[in-house]
Amino acid sequence: MTEYVKMIIEGKEYEFPVVIGTEGERGIDITTLRQKTGYITLDPGFGNTGSCESKITFMDGEKGILRYRGIPVEDLAEHSTFKETAFLLINGVLPTRAQLNRFSVLLNDHSLVHEDMQIFYQNFPRASHPMGILSSMVNALRSFYPVLQMIEEEINITVTRLLSKIRTMAAMSYKISRGHKVVYPRPDLSYCGNFLNMMFDTPVRPYEIDEDVVNALSVLWILHADHEQNCSTSAVRVVGSGRVNLYASISAGIAALWGPLHGGANQKVIEMLKMIHQGGENVKKIIERAKDKNDPFRLMGFGHRVYKTYDPRAKIMKKMCHRVLNKFKIEDPLLDIAMELEEAAVNDDYFLERNLYPNVDFYSGIVLRAMGIPTNMFTVMFAIGRLPGWIAQWKESVDDPDWRIARPRQIYQGQQVSRYIPLDERG
Ligand code: SDX
């Protein structure tokens, strides 16, 4: 039985259907609003606007809930692997053993990158940001794999190809930026173990795979794997809605994630903590600056459009910091500073009144540092983790029979009609 809401516009009453989600979220279906009333809605930043119905990820911002295909992220972090979680997000179910083995074989078979792509890497300036390189190289994959018929088999191969190659491409940018020999993927290593080996193995110092580190990376990527209609996922859906290929849609998602208000925050958090550690700022000053409306500075890693409580991912990440640092017997002063900052902020009315708490980026950098990941690669790490979510969301839109090109409206506030003034008359 469909529910309706009534709207009275200029004295006339209109009814619009209510869409109710499986977790009780309610949305007003305004697809006929303009046609019936001549009005559009206005919602800069889309804080009140749903762009789609989705079965992939559920978030409850007030309760701090995050579930992938109904499974709490805490359970996946505890019991699953990133590879298995990627399969779950993309296919909607946890894989059987046979499916997981098949997936592993395909990921292995597609892990190499065309040798000609190395020439591209050689020609980026050494100081290029790896996010810019990654976005370019993912887009370039289309040139090497031009055929993508929208048929299940083709899409599955393309998806697996991208999931596997993104690790190789990310590690290549790091190795080549340091003038090091590129390390090839190995058939005997796991998804996460292969990435770490491609990053850190060298001819003179073979990288020793430590299962605790591999597990920490797997958990970190599980925590980043999807997050409903965030900025970069929306970019993937919007770009994909023009019927462009998957590589170009994902390349757009990488570009959107790069922003310091989004995935780029994890790099900014560490830079902020380093600034404090080096004496450039102190915790009290940083908190004051974050609260000062005249200062564009924001407390990086804090706040969230949806979570108005502690980000459930940040809770797990914070525990992981202690576990990984203890494992390596690392005393990272930045962790102490981060916890001091958190303590100050969560007891400050400015942050409490605005429901500003640590988000996924606040502690992730500490774990990445402990693994030896360079700071400028932090957002690349976020992108690799988010790739299964982007793919799942892209596939869901492709499979939607009502899939339409994304084309928002606007309210025009510019110059009303005026005549063309010839150059000689313009003074
Ligand atoms: C990610 O959407 C997702 O799901 C994203 C993500 C994912 O997994 O995809 O979770 C990943 O992007 C996490 C967010 C990483 N970004 C940062 O940590 C950057 C710092 N955070 C802020 O820039 C901000 O909190 C955002 C961008 C995350 C959210 O911005 P909103 O929802 O537009 O919030 P807002 O700007 O409307 O803030 C509301 C108030 C404002 O103050 P008032 O005007 O009410 O006085 O809170 C203030 C803001 O000034 N505020 C902050 C703050 N965040 C919000 N003040 C100081 N420091 C902050 N970090």
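Below is a table of values for the structure above.
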item: Test: residue in the stretch 111-134 that is modelled with pLDDT of 95 or more, in contact with a strand residue (DSSP E or B) (Cβ under 6 Å, 6 or more places away or on another chain) and not acidic (D, E); result: no
item: Count of residues meeting criterion [within 16 Å of the ligand (Cβ to nearest atom) and part of a helix (DSSP H, G or I)] in the stretch 310-333; result: 7
item: Residue in the stretch 225-238 that is closer than 27 Å to R102 by Cα and more than 16 Å from the ligand (Cβ to nearest atom) present; result: no
item: Selection from the stretch 268-309 of residues that are of a type in the set (G, A, S) and within 15 Å of the ligand (Cβ to nearest atom); result: A290, G301, G303
item: Residue tally, condition in contact with a His (Cβ under 9 Å, 6 or more places away or on another chain) and open to solvent by 30 Å² or more (accessible area, probe 1.4 Å), over the stretch 224-250; result: 1
item: Top-ranked residue of the stretch 10-21 - restricted to ones that are touching a strand residue (DSSP E or B) at 6+ places or on another chain (Cβ under 9 Å) and not β-branched (V, I, T), ranked as surrounded by the fewest Cβ atoms within 10 Å (Cβ to Cβ); result: E13
item: Residue in the stretch 336-355 that is near the ligand (Cβ under 9 Å from one of its atoms), farther than 26 Å from L76 by Cα and surrounded by 15 or more Cβ atoms within 10 Å (Cβ to Cβ) present; result: yes
item: Filter pass, S190 being open to solvent by 10 Å² or more (accessible area, probe 1.4 Å), within 16 Å of the ligand (Cβ to nearest atom) and modelled with pLDDT of 95 or more; result: no
item: For G179: the one exception among (1) out of contact with any strand residue (DSSP E or B) (no Cβ under 9 Å at 6 or more places or on another chain); (2) on the phi < 0 side of the Ramachandran plot; result: (2)
item: Any chance L261 is in a loop (DSSP other than H, G, I, E, B), open to solvent by 70 Å² or more (accessible area, probe 1.4 Å) and either of a type in the set (A, V, I, L, M, F, W, C) or within 20 Å of M131 (Cα to Cα) (or both); result: yes
item: Flag for K36 being away from the ligand (no atom under 16 Å from the Cβ), out of contact with any helix residue (DSSP H, G or I) (no Cβ under 9 Å at 6 or more places or on another chain), assigned to a helix (DSSP H, G or I) and of a type in the set (D, E, K, R); result: yes
item: Residues of the stretch 382-424 that turn out to be open to solvent by 90 Å² or more (accessible area, probe 1.4 Å) and not in a loop (DSSP other than H, G, I, E, B), as a count; result: 2
item: Subset tally (residues that are within 12 Å of the ligand (Cβ to nearest atom) and either surrounded by fewer than 14 Cβ atoms within 10 Å (Cβ to Cβ) or among the small types (G, A, S) (or both)) for the stretch 44-63; result: 6
item: G253 being closer than 17 Å to V380 by Cβ, surrounded by fewer than 24 Cβ atoms within 10 Å (Cβ to Cβ) and of a type outside the set (A, V, I, L, M, F, W, C); result: no
item: Within the stretch 130-154, tally of residues that are open to solvent by 10 Å² or more (accessible area, probe 1.4 Å), farther than 14 Å from P374 by Cβ, of a type outside the set (S, T, N, Q) and in a helix (DSSP H, G or I); result: 7
item: Pick from the stretch 88-126, criterion in a loop (DSSP other than H, G, I, E, B) and open to solvent by less than 60 Å² (accessible area, probe 1.4 Å), ranking: farthest from V183 (Cα to Cα); result: G92
item: The stretch 330-355 residues that are assigned by TED's automatic domain parsing to the domain that holds R298, paired with ones that are among the small types (G, A, S) and away from the ligand (no atom under 12 Å from the Cβ) (beta carbon under 7 Å, 6 or more apart); result: I330/A370; D332/A370
item: Test: residue in the stretch 369-376 that is free of Cβ contacts under 8 Å to residues at least 40 places away in the same chain and not small (G, A, S); result: no
item: Residue in the stretch 286-302 that is touching a Gly at 6+ places or on another chain (Cβ under 6 Å) and open to solvent by 40 Å² or more (accessible area, probe 1.4 Å) present; result: no
item: Check on I254, β-branched (V, I, T), within 15 Å of the chain's Cα centre (by Cα) and at pLDDT 95 or above; result: yes
item: Pair list, Cβ under 6 Å, 6 or more apart: the stretch 86-107 residue farther than 16 Å from S190 by Cβ, other residue among the acidic types (D, E); result: L89/D226
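Residues are listed down the side, and each one gets a yes or a no for (1) within 15 Å of the ligand (Cβ to nearest atom); (2) part of a strand (DSSP E or B); (3) open to solvent by less than 30 Å² (accessible area, probe 1.4 Å); (4) not assigned by TED's automatic domain parsing to the domain that holds G385:
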residue: I8; (1), (2), (3), (4): no, yes, no, yes
residue: E23; (1), (2), (3), (4): no, no, no, yes
residue: I30; (1), (2), (3), (4): no, no, no, yes
residue: I40; (1), (2), (3), (4): no, no, no, yes
residue: D75; (1), (2), (3), (4): no, no, no, no
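The values are calculated or read from the model by the stated rules, or taken from the named source; none is laboratory data. Predicted, not measured: the structure shown is a model, and the values here were computed from it. Here Cβ is always computed from backbone atoms with ideal geometry, including for glycine, and neighbour counts include all displayed protein chains. Heavy atoms of the whole protein, side chains included, go into the accessibility calculation; ligands, DNA and RNA do not. Shrake-Rupley method; radii C 1.70, N 1.55, O 1.52, S 1.80 Å.
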